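Structure, as structure tokens:
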Amino acid sequence: MATIKEIAQRTGFSQATVSRLLNGDPTLSVREGTRRKIIQASEDLGYSMQTKRIVVPHKVALLDNEESEEALRDSYYTDLRSALERNAEQQRMEMTVFHDLDDMIARSSKFDGFMAIGADRISEKDLGRLHEAMPYGVFIDVNPAPNLFDSVQPDLQQTIHDAVAACAAKGMKRVGFIGGKGCLMNFYEVDEENRATYFRRETRRFGIQSDGLVYSDGLFTVSNGRALGERFVHDHNGVLPDAVIVAADVIAVGVLQAFNAVGVLVPRDISVISINNQTISQLTSPPLSTFSIDQNELARVATLALGDAISGKRTIRQHAYLSTSLVVRDSFVPAK
């Protein structure tokens, strides 16, 4: 079993310096090279693996890759960032937030790894540059380069399955979908956002009619949700489906606005199921039934994955998918 003394002998620093650094003494001031040398030796000797109580401190970067002017999108990522900050502190990670990829890469030598949030596109070239500079990284909510970095995401495939299954259990025969446009995945643009693709497959599986009822285009914004909702009602006025599944609360808010504006009553005329369970979902008219994404659990799993990759020098990429759960409110009530 590795000891403080052995780490001190390996690095040439005093036992007091090694002990204070590994125990997170906030009054200790050492050079970056010293910190890295001690942490490297502690990990090589297996010090961080001896007990769950011991967590070797690391400096990590957080790339906030979201430049939306949409308040509800900002709210989602603000909450996620706060959850990451809490969990990083628990794992003795000193986290620095960046809003610019080039800036983070330029300062990469100061960090042991990174986490990233936000759906703004990063080019294949820039992802390669990022990997060269910072090989240990975890993307949260998205997975732009699964062969280069780890990821932690909500299991939206299972979420859509559960949503369609809930409709089927109520005997619904026609169900629609409203969502946004596809985004970067595996270095290419998908023609259709994954939730819409999953929806088409699941409705076929359950024998639910959805032909002509999929509206998946544009940004994940309230204004786009309203525009899609208006199109949806215009195209199917008088013959609305039994329900519509919406890709995210931010779109669902706009959809409800469109429905309310023309007198379509939810859930009397059509039921609505959404995804995310943001605070706004409790305040809409009617309150939204929506699948909850546990942001704290996303953050917890992400920080643990990053710590594991750094400590173990892991090169095999890992991808975690976390379950969601339906929070029932007025817009959709499942069968009993």
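The values are calculated or read from the model by the stated rules, or taken from the named source; none is laboratory data. Just so you know, these numbers come straight off a predicted model, no measurement behind them. Note: ideal-geometry Cβ built from the backbone for every residue, glycine included; neighbour counts use all protein chains shown. In case anyone asks, the SASA skips ligands and DNA or RNA and just uses the protein heavy atoms, side chains included. Shrake-Rupley method; radii C 1.70, N 1.55, O 1.52, S 1.80 Å.
Observations, loosely collected:
- Mean Cβ neighbour count within 10 Å, used as a protection proxy, ranking 311-320, 82-91, 130-139, 248-257 highest first: 248-257, 130-139, 82-91, 311-320
- Per-residue HN-Hα couplings for segment 292-309 [Karplus 6.51, -1.76, 1.60; θ = phi - 60°; Hz; x = Gly/Pro]: 7, 9, 7, 5, 5, 5, 4, 5, 4, 5, 5, 5, 5, 5, 5, x, 5, 5
- In a fully extended conformation the segment linking HIS234 and GLU89 would gain 47.2 nm over its present Cα-Cα distance, using 0.36 nm per residue.
- Residues with amide H under 5 Å from that of PHE291, placed H, sequence gap 5 or more: SER274, ILE275, ASN276, ASN277, VAL327
- Estimated dipole of segment 199-250 in Debye, rounded to 20 [Cβ of Lys and Arg +1, of Asp and Glu -1, Cα centre]: 200 debye
- Helix-only CD estimate at 222 nm, as mean residue ellipticity for the chain, using -39500 (n - 2.57) per DSSP H run (n ≥ 4): -13000 deg cm²/dmol
- In this simple spin-label model, placing a label point 7 Å from the Cα along the Cα-to-Cβ direction at both ASP126 and ASN194 gives a separation of 2.1 nm.
- Prolate/oblate/rounded label for segment 154-292 (Cα gyration tensor, a/c 1.5): rounded
- Dividing the Cα radius of gyration of the chain by 2.2 N^0.38 Å, with N the residue count, gives 1.17.
- Summed residue charge, Cβ within 12 Å of ALA252's Cβ, Lys/Arg positive, Asp/Glu negative: +1
- Of THR221, THR78, the order by accessible heavy-atom surface (1.4 Å probe, DNA, RNA and ligands excluded), from most exposed downward, is THR78, THR221.
- Added length on full extension, which subtracts the Cα-Cα distance from 0.36 nm per residue, ALA16 to TYR321: 105.6 nm
- 5 angstrom amide H check on GLU94, placed H, neighbours 5+ away: HIS58, LYS59, VAL60
- Backbone amide hydrogens, once placed in the peptide plane, bring GLY176 within less than 5 Å of ALA243, VAL244, ILE245, excluding anything fewer than 5 places away on its chain.
- Extension gain, GLN157 back to ASP269 (0.36 nm per residue minus Cα-Cα distance, nm): 37.6 nm
- In sequence order, calculated HN-Hα J values of segment 115-123 (Karplus, 6.51, -1.76, 1.60; Hz; x Gly/Pro): 10, 9, 10, x, 10, 5, 5, 10, 5
- Efficiency of FRET from Cβ geometry, GLN282 and ARG31, R₀ 56 Å, rounded to 0.05: 0.65
- Simple point charges give the picture: +1 on the Cβ of Lys and Arg, -1 on the Cβ of Asp and Glu, and for the chain a dipole about the Cα centre of about 1100 debye.
- The long axis of helix 156-169 is offset from the longest Cα principal axis of the chain by roughly 30 degrees.
- Rg over Rh, two decimals, segment 246-336 (C-alpha only, Kirkwood Rh): 1.19
- Placing unit charges on each Cβ (+1 for Lys and Arg, -1 for Asp and Glu) gives the chain a dipole about its Cα centre, and among GLN257, HIS161, SER331 the Cα reaching farthest toward its positive end belongs to HIS161.
- The chain: angle of helix 222-236 to the longest principal axis, Cα-based, in degrees nearest 10: 30 degrees
- Taken along the Cα-to-beta-carbon direction at a fixed 7 Å, the label points for ALA169 and ALA261 span 3.4 nm.
- Among beta bridges from DSSP that stay inside the chain, the antiparallel ones total about 10%.
- Of LYS5/LYS59; LYS37/LYS125; LYS173/LYS336; LYS181/LYS313, those spanning more than 29 Å from alpha-carbon to alpha-carbon: LYS37/LYS125; LYS181/LYS313
- Net charge of Cβ neighbours under 14 Å - reference ARG10; Lys, Arg +1; Asp, Glu -1: 0
- Unit Cα scatterers, Debye sum, segment 2-43: log10 I(q)/I(0) for q = 0.17 Å⁻¹: -0.35
- Span from the segment 196-236 Cα centroid across to the segment 272-333 one, whole angstrom: 22 Å
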